[in-house]
Amino acid sequence: QVQLVESGGGLVQAGGSLRLSCTASGSIFSVNAMGWYRQAPGKQRELVATITSGRNTNYADSVKGRFTISRDNAKNTVYLQMNSLKPEDTAVYYCNADIYRSSWYRDNYWGQGTQVTVSS
C-alpha cells in the first residue's frame, strides 16, 4: 500500500538541467532516509545521492557539485536537482525510501523509475 512515484525525467542537452521529484503515498507512519539511484541498460544500479530524515546528504563522486538532493517531509517528497548534465548521466533514475508503516515496522521501497536522457 506504499507507492513511490518519480517524475521530471526527460530529454535534455548536455549542460542542461532537470529536476526529479519522488513522492511517497499510501499507508505511511513516517519516512526515514530517501535516495536516488540510477541504472543504465546492462549496467549495475548505482547510488546517486541520499538524504536522511535530518537532511544530511551524501553524493556519488560523479555527481558531486552538479546534483543536489533535498526533501519536503510534509509532502513525503524527495527531489534531485540535476545541473550541468552530461551524456554519462543518461539512465533510468529510481527513487528509494525507508518507510515506517507503523512505529514498529520499517521496510524499503523503490519507485518505478524515470528515464533521463542527455544528448551531446
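The values are calculated or read from the model by the stated rules, or taken from the named source; none is laboratory data. A quick note: this is a predicted structure, and the numbers were derived from the prediction, not measured. Cβ: placed from backbone, ideal geometry, glycine included. Neighbour counts: every protein chain shown. Side chains included, ligands, DNA and RNA excluded: accessible areas come from the protein's heavy atoms. Shrake-Rupley method; radii C 1.70, N 1.55, O 1.52, S 1.80 Å.
For this structure, a couple of remarks:
- Hz values of 3J(HN,Hα) by residue in segment 69-78 - Karplus curve (6.51, -1.76, 1.60), Gly and Pro given as x: 9, 8, 8, 10, 5, 5, 9, 6, 10, 10
- Here the simple spin-label model places points 7 Å from the Cα toward Cβ, and for residue 72 and residue 45 these points are separated by 2.6 nm.
- Partner lysines for residue 64 [C-alpha distance under 18 Å; skip if fewer than 8 residues away on the same chain]: 86
- 1.4 Å probe accessible area per residue over the chain, in Å²: 53
- Coupling constants for segment 11-19 follow from the phi torsions by the Karplus curve (6.51 cos²θ - 1.76 cosθ + 1.60, θ = phi - 60°), and in residue order they are 9, 8, 7, 3, x, x, 9, 9, 10 Hz; glycine and proline get x.
- ³J(HN,Hα) computed for each position of segment 81-98 - Karplus, 6.51 cos²θ - 1.76 cosθ + 1.60, integer Hz, glycine/proline x: 7, 10, 10, 6, 5, 10, x, 5, 7, 4, 4, 8, 9, 10, 8, 9, 8, 8
- Label-to-label distance for residue 29 and residue 2 is 1.0 nm, based on points extended 7 Å past Cα in the beta-carbon direction.
- The alpha carbons of segment 4-117 give a radius of gyration and a Dmax of 13.7, 46 Å, in that order.
- Chymotrypsin sites (Phe, Trp or Tyr not before Pro) within segment 15-120, DSSP loop, no more than 13 other Cβ atoms inside 10 Å: 29, 104
- Once backbone amide H atoms are built at 1.01 Å from N, residue 30 has 100 as its partners under 5 Å, excluding neighbours fewer than 5 places away on the same chain.
- In the chain the longest region clear of trypsin sites (Lys or Arg not before Pro) that are loop-assigned by DSSP and have at most 12 other C-beta atoms within 10 Å covers 65-120.
- Exposure of residue 53 as accessible area (Å², to 10), given a probe of 1.4 Å and all protein chains: 60
- At full extension, residue 115 and residue 61 could sit 17.3 nm farther apart than now, given 0.36 nm per residue minus the alpha carbon distance.
- Within the shell of other residues whose beta carbon sits under 11 angstrom from the beta carbon of residue 21, the net charge comes to +1, with Lys and Arg scored +1 and Asp and Glu -1.
- Under a model in which nothing but the beta-carbon of Lys, Arg (+1) and Asp, Glu (-1) is charged, the chain shows a dipole of about 120 debye around its Cα centre.
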